[in-house]
């Protein structure tokens, strides 16, 4: 039984998220498992580095799976590319160490939230950016972002009321970058809770629109009360940008 590491990219617009669901086959994991099972003539279970919500995109989603096959990676990758739809791309496929697991071996992730901060429309990027006509106060947002860095209980920035695991996460980086009319919020951490990046983004956007103070994001964090944080920003502006593992540069 061989262990494989598969890297995907996808446009999440028409999918119900990463995780397979019993009531629909229209998920990234569901589509990929069905295709791999057919190509390899055996039942394949695919593990992803993490779940992405419905409408969220991925520049680099890392997956792993076991298969009893003598097929080489180059041949299988070529077949995947032939059969995948236009909005799912197989970036690479390679043998993995026996104990490698896309989620359990992951040491960090980076998400990017993109905003088109202009009253002028950008129709060609509308699926990948939140269009926000009101000018953002980036200085205030940066001040708020600094207060969130470090290792904290992020319960206030999670949609789930009850968590099976610890809500403590380390937010290693939260950068706000402007390039012309586009604003990017770049989040890097050891892991993220359900909807955490979108809620952090929605809260920072309220700061940028002067609907709350920069200091209020810290008050919400310390309270662990979801009601004190902002709304979850729309899914389509978010992209899983990168996934890190021990020993990778």
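A few notes on this one:
- Residues satisfying the stated conditions in the stretch 109-160, i.e. over 22 Å from the mean Cα position of the chain (by Cα), without any contact (Cβ under 8 Å) to a residue 60 or more places away in the chain and either surrounded by 15 or more Cβ atoms within 10 Å (Cβ to Cβ) or assigned to a loop (DSSP other than H, G, I, E, B) (or both): 119, 121, 122, 133, 135
- The stretch 9-35, subset in a strand (DSSP E or B) and touching a strand residue (DSSP E or B) at 6+ places or on another chain (Cβ under 8 Å), residue surrounded by the fewest Cβ atoms within 10 Å (Cβ to Cβ): 9
- Filtered residues of the stretch 175-188 (kept if in contact (Cβ under 8 Å) with a residue 12 or more places away in the chain and either within 13 Å of residue 233 (Cα to Cα) or surrounded by fewer than 21 Cβ atoms within 10 Å (Cβ to Cβ) (or both)): 175, 176, 178, 181, 182, 184, 185, 186, 188
- Here is the figure for the stretch 223-238: residues that are under 17 Å from the mean Cα position of the chain (by Cα) and either at pLDDT below 95 or crowded, with 23+ Cβ neighbours inside 10 Å (or both) total 3.
- Every test in (1) modelled with pLDDT of 95 or more; (2) within 27 Å of residue 186 (Cα to Cα); (3) in a loop (DSSP other than H, G, I, E, B) is passed by residue 59 save one, and that test is (3).
- The set of residues from the stretch 92-107 being part of a strand (DSSP E or B), out of contact with any helix residue (DSSP H, G or I) (no Cβ under 7 Å at 6 or more places or on another chain) and surrounded by 17 or more Cβ atoms within 10 Å (Cβ to Cβ) comprises just one member, 106.
The values are calculated or read from the model by the stated rules, or taken from the named source; none is laboratory data. Since the structure is predicted, the reported quantities are computational estimates derived from the model, not experimental observations. Reconstructed Cβ throughout: ideal geometry from the backbone, glycine too, with neighbour counts over all protein chains shown.
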